[in-house]
Amino acid sequence: MNLIKMAAYQLLHHRLFWCGLAGVMALVFLTASTYLSEVMPSGGVATSLAEIFNGMVYDSTFLLILLSSLLALMLGQEFSQRTIDLEIFAGHSRKQIFWSKVSVYLLVFNMLALVFPAIGCMKQLSYFGGFGELFFAQIAPAVVYSILLNSAMFFVATSCCFCLRSAAKAMGATALTTFVLSLYLGYGMMLKWPMAFLPLYQIRAVIIEGSIFNGQAILVGLSWIVLLAVLSWRSFDKTDLK
């Protein structure tokens, strides 16, 4: 079994993964109906499932804080429980271990983030009588940029894990960092602070604009991903695991 399959197997058999999925679904059923009467960012009544989907992506900051913290705890446990140490002692290179963990956790993070609006739409499907001919074209920017910019937020959790190498510390640092960024987003939008550097802001800007190409969002997302991925790798590569 190669490392990617092993990482996927371990994650899918982790009770926290299923708790996270159950939590996302519970959050959907508690909040999805509110988007019918006050869809974001317009604040008006939703007229299509595409508006429901885009509105839930626009308003997913709280979800990203929870998912980042959850995955930081899960990945951090691989250090605390010495799972990664055992993989190194088994002869796997650090580069193989690093990219297998990152690729699997990144895939799961984006899947859980998109499950939220997807199930929200399914819940309201009967209300609108169908998806509509332009549904997939209308949600395409939200899906594409959600994956890119949510991945940038994922690497905040990754860098905390590989730098701190402790489940509790990684979860605490990730929760604190993402919470502070969300506070800056909330107050910054009201007080006109510089916001363009934030992936959380760029997600909202893309939803409002609705364009399939947004150069600023691409630059911000890739910059965060590259910088935090390099930080994570350099920290892991130089760590003296015992």
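The values are calculated or read from the model by the stated rules, or taken from the named source; none is laboratory data. As the structure is a computational prediction, the values presented were derived from the model and not from experiment. Please note: Cβ atoms are built from the backbone with ideal geometry, for glycine as well, and neighbour counts cover all protein chains shown. For accessibility, only protein heavy atoms count, side chains too; no ligands or nucleic acids. Shrake-Rupley method; radii C 1.70, N 1.55, O 1.52, S 1.80 Å.
Taking the criterion of being farther than 18 Å from Leu73 by Cα, β-branched (Val, Ile, Thr) and in contact (Cβ under 8 Å) with a residue 40 or more places away in the chain, would at least one residue in the range 117-134 satisfy it?
Looking through the range 117-134, at least one residue is farther than 18 Å from Leu73 by Cα, β-branched (Val, Ile, Thr) and in contact (Cβ under 8 Å) with a residue 40 or more places away in the chain.
Going through the range 109-135 one residue at a time, which ones are open to solvent by 50 Å² or more (accessible area, probe 1.4 Å) and modelled with pLDDT of 90 or more?
Across the range 109-135, the qualifying residue is only Met111.
Only one of (1) crowded, with 17+ Cβ neighbours inside 10 Å; (2) in contact (Cβ under 8 Å) with a residue 24 or more places away in the chain; (3) over 22 Å from Val220 (Cα atoms) is not met by Gly172, so which one is it?
(2)
Could you identify the single residue in Leu106, Leu64, Leu30, Leu86 that is in a helix (DSSP H, G or I) and open to solvent by less than 20 Å² (accessible area, probe 1.4 Å)? Explain how you work it out, then say what you get.
Numbers: Leu106 fails: open to solvent by less than 20 Å² (accessible area, probe 1.4 Å); Leu30 fails: open to solvent by less than 20 Å² (accessible area, probe 1.4 Å); Leu86 fails: open to solvent by less than 20 Å² (accessible area, probe 1.4 Å).
Within the list Leu106, Leu64, Leu30, Leu86, the selection yields Leu64.
With the requirement that a residue be modelled with pLDDT under 90 and either open to solvent by less than 40 Å² (accessible area, probe 1.4 Å) or not in a loop (DSSP other than H, G, I, E, B) (or both), what does the range 189-206 give you?
Our first condition is that a residue be modelled with pLDDT under 90; within the range 189-206, this holds for 189-192.
Within the range 189-206, Met189, Met190, Leu191 qualify.
Any residue that is more than 30 Å from Val39 (Cβ to Cβ) and either open to solvent by less than 80 Å² (accessible area, probe 1.4 Å) or touching a Lys or Arg at 6+ places or on another chain (Cβ under 8 Å) (or both) - is there at least one of those in the range 210-227?
Taking every residue of the range 210-227 in turn, at least one turns out to be more than 30 Å from Val39 (Cβ to Cβ) and either open to solvent by less than 80 Å² (accessible area, probe 1.4 Å) or touching a Lys or Arg at 6+ places or on another chain (Cβ under 8 Å) (or both).
Given Val156, Val226, Val220, Val230, which one is among the aliphatic types (A, V, I, L, M), part of a helix (DSSP H, G or I) and over 24 Å from Ser100 (Cα atoms)?
Working: Val156 fails: over 24 Å from Ser100 (Cα atoms); Val226 fails: over 24 Å from Ser100 (Cα atoms); Val230 fails: over 24 Å from Ser100 (Cα atoms).
One residue alone meets the criteria, Val220.
Being under 24 Å from Glu51 (Cβ atoms) and of a type in the set (Gly, Ala, Ser) is the filter here; which residues of the range 123-177 pass it?
If the condition is that a residue be under 24 Å from Glu51 (Cβ atoms) and of a type in the set (Gly, Ala, Ser), then Ser126, Gly129, Gly130, Gly132, Ala137, Ala140, Ala142, Ser146 are the ones that fit.
Can you work out which of the residues in the range 78-108 that are modelled with pLDDT under 90 and under 18 Å from Met171 (Cα atoms) is nearest to the chain's Cα centre (by Cα)?
Top of the filtered list is Glu78.
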